[in-house]
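One structure is given below, encoded as structure tokens.
A short reminder: the numbers here are calculations on the coordinates, not readings from a lab. Nothing here was measured: the structure is a model prediction, and the numbers come from that model. Neighbour counts are summed over all protein chains in view; Cβ atoms, including those assigned to glycine, are modelled from backbone coordinates with ideal geometry.
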Amino acid sequence: MERLDKILSSQGVCSRKEIKELLKNKKIKINGAFAAKSDMKINPEHDIIEIDGVVLPYRKFLYIMMNKPSGVLSASRDKNTPTVIDLIPDNLRRRNLFPAGRLDKDTTGLLIITDDGNFAHDMLSPKKHVYKLYEAELDGDFNDAKKNILESGITLSDGTVFKPAKIHSDFNNNPRIVHIEICEGKFHQVKRMFEYVGLSVINLKRLRIGMLNLDKNLAPGECRLLTDEELTLIFNGHSD
Ligand code: URA
């Protein structure tokens, strides 16, 4: 059993303040009866919550898509630097949210934030073959020889192994912009892969995870809940 206000705010429906207002205006029903107190205890898995006549589908976990801006950390909390969690609006805030995988401070684009540890584990595990697509802007020209190296897999001098990547770009058209897909998430992996072939990454943006594309309507720093359909796209369509 949990407090009504805690459940509603955890569902990303409204803030605790807004809940008080809804209760005052008799807009919330529990199992068909008007709710009066924000601290009333209910069972979110069994009790039926209606807001303004609409039944609330209970979500055990939240899955948020963010367009990560440059300059914020992919971490839950930091004393000195803003984190992606700091950017989440009040109505989507939950205590246990964390970024599923890290983008560097200067990397932008698609980031999933959730409170579902098993989901994050599956999305990140190389064994699940969920490919992440990045657009890299380089300080020099890419070419077929470099493509072959990255697509064959690399072993760095310190023994670190990077599995074969998939290169998509028509780099004959613009040899400084390359689309690269990898299913691992090792530290600075994309940057280190390009370094291996003698190039520096000037800008890095993640465009897609699995078959889920970054929503073009999300400005840098904005986020929204994923739909159930979008959630399934993450684990769909890997091409190996
Ligand atoms: N690879 C990198 O080098 N940086 C990122 O942020 C993500 C992948």
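Of LEU110, PRO82, TYR58, which is farthest towards the positive pole of the range 58-114's charge dipole, taken about the Cα centre with +1 and -1 on the beta-carbons of Lys, Arg and Asp, Glu respectively?
Final value for the positive-end residue is TYR58.
When only C-alpha pairs under 8 Å and at least 6 residues apart count, what is the relative contact order of the range 131-209, in percent? Before the final figure, lay out the partial values.
Working: 141 pairs, mean separation 37.5, N = 79.
Relative contact order here is 48 percent.
Which residue, LYS20, LYS132, LYS79, has the most motion in a Gaussian network model of the chain that connects Cα atoms within less than 10 Å?
Comparing LYS20, LYS132, LYS79 in a Gaussian network model of the chain, the most mobile one is LYS79.
Using modelled amide H (1.01 Å from N, peptide plane; none on Pro or chain starts), what sits under 5 Å from the amide H of LEU226, excluding residues fewer than 5 places away?
Here TYR63, ILE64, MET65 satisfy the definition.
For the chain, give the share of DSSP beta bridges that are antiparallel, in percent and rounded to the nearest 5; count only bridges with both residues there. Each step should come with its number before you reach the end.
Working: 39 of 42 bridges.
Here the share of antiparallel DSSP bridges comes out near 95 percent.
Could you tell me how far the Cα centroid of the range 154-222 sits from the Cα centroid of the range 84-139, in Å?
Comparing the Cα centres of the range 84-139 and the range 154-222, I get a distance of 15 Å.
So the label point goes 7 Å from the Cα of ASN96 along Cα→C-beta, right? Which residues of the range 24-59 then have their backbone N under 14 Å from it?
Residues passing the 14 Å test: 59.
Quick check: pseudo-label points 7 Å beyond the Cα along Cα→Cβ at LYS41 and ASP158, how many nm apart are they?
For the pair LYS41/ASP158, the computed spacing is 5.2 nm.
Restricting to the range 96-237, what percent of DSSP beta bridges are antiparallel, rounded to 5?
Working: 21 of 23 bridges.
Antiparallel: roughly 90 percent of the beta bridges in the range 96-237.
Please compute the length gained on full extension between ARG176 and PHE61, using 0.36 nm multiplied by the number of residues separating them and subtracting their Cα-Cα distance. Before the final figure, lay out the partial values.
On the way: separation 115, 0.36 × 115 = 41.40 nm, distance 3.98 nm.
Going from the current span to full extension adds 37.4 nm.
Using modelled backbone amide H atoms (1.01 Å from N, in-plane), which distant-in-sequence or interchain residues come within less than 5 Å of ASP106's amide H?
Counting only residues 5 or more places away or on other chains, the set is GLY71.
If we restrict to alpha carbons, what Rg and Dmax does the chain come to, in Å?
21.5, 69
Only counting other Cβ atoms within 10 Å, I'd like SER157, SER10 sorted with the fewest neighbours first. Before the final figure, lay out each step's value.
On the way: SER157 6, SER10 22.
Listing SER157, SER10 from fewest to most nearby Cβ atoms yields SER157, SER10.
Short version: ³J(HN,Hα) in whole Hz for each residue of the range 180-192, in order, from phi by Karplus 6.51 cos²θ - 1.76 cosθ + 1.60 (θ = phi - 60°), x for Gly and Pro, what are they?
10, 10, 9, 10, 10, x, 6, 3, 6, 4, 5, 4, 5
Given N residues in the range 131-209, what is Rg(Cα) / (2.2 N^0.38 Å)?
Values: Rg = 11.3 Å, N = 79, 2.2 N^0.38 = 11.6 Å.
So the range 131-209 has a normalised radius of gyration of 0.98.
Calculate the dipole size of the range 131-209 relative to its Cα centre from +1 charges on Lys and Arg beta carbons and -1 charges on Asp and Glu beta carbons; express the result in debye to the nearest 20.
Numbers: 12 positive and 11 negative charges, 62 e Å.
It works out to roughly 300 debye.
Take the chain, connect every pair of alpha-carbon atoms lying under 10 Å apart with a spring to form a Gaussian network, then pick out the residue of ILE64, ILE149, ILE112 with the largest mean-square fluctuation.
ILE149
Please give the charge dipole size of the range 65-191, origin at the Cα centre, charges +1 on K and R Cβ atoms and -1 on D and E Cβ atoms. Round to the nearest 20 debye.
Details: 18 positive and 18 negative charges, 88 e Å.
That gives a dipole near 420 debye.
What dipole magnitude, in Debye to the nearest 20, does the chain give about its Cα centre under +1 on Lys/Arg Cβ and -1 on Asp/Glu Cβ? Let's see the in-between values first.
On the way: 37 positive and 34 negative charges, 176 e Å.
In total the dipole reaches around 840 debye.
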